[in-house]
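Take a look at the structure set out below.
Quick note: the coordinates plus some simple rules give every number you see, no bench work behind them. Keep in mind it's a predicted model, so treat the numbers as computed, not measured. Neighbour counts are summed over all protein chains in view; Cβ atoms, including those assigned to glycine, are modelled from backbone coordinates with ideal geometry.
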Amino acid sequence: MNVICKQCLLRDMAESDILRDIDECRSRLEADVRASDALYERRLAVCRSCERLNAGTCLLCGCYVELRAAMRKLDCPDSPSRWRGGAT
């Protein structure tokens, strides 16, 4: 049984094809496009505490947060400064 958790990332829920696709896409991003592992994890921590997170997607823009967080130059759609803790 797949459990949907409103305040969870896809990685926190049961394994899914979507998560595998996102992980594969992230691994194929060029180094100048991909956020560092540390930045990626900081961004996901921000998303995990956000009231707009709904089962791995952002209610504000509709993205899969794990994919958006993987791209270095993208910002949080709610407040760009929320994700800025370093541009590595």
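Some notes on this structure:
- Residues of the stretch 61-78 with amide N under 13 Å of the 7 Å Cα→Cβ point at Asp21: 64, 67
- The amide H of Asn54, built 1.01 Å from its N in the peptide plane, has Leu59 as neighbours under 5 Å, considering only residues 5 or more places off or on other chains.
- Cα-based shape type of the stretch 10-74, given that a ≥ b ≥ c are square roots of the gyration tensor eigenvalues and the cut on a/c is 1.5: oblate
- Put a dot 7 Å past the Cα of Cys8, heading toward its Cβ, do the same for Ala45, and the two dots end up 2.2 nm apart.
- Table column - 3J(HN,Hα) (Hz), the stretch 72-78, Karplus curve with 6.51, -1.76, 1.60, x for Gly and Pro: 3, 7, 7, 10, 5, x, 7
- Using θ = phi - 60° and Karplus 6.51 cos²θ - 1.76 cosθ + 1.60, couplings along the stretch 60-69 (whole Hz; Gly, Pro as x): 6, 10, x, 6, 7, 4, 5, 7, 4, 5
- Other-chain or far-sequence residues with amide H under 5 Å of Arg34's (modelled H): Arg72
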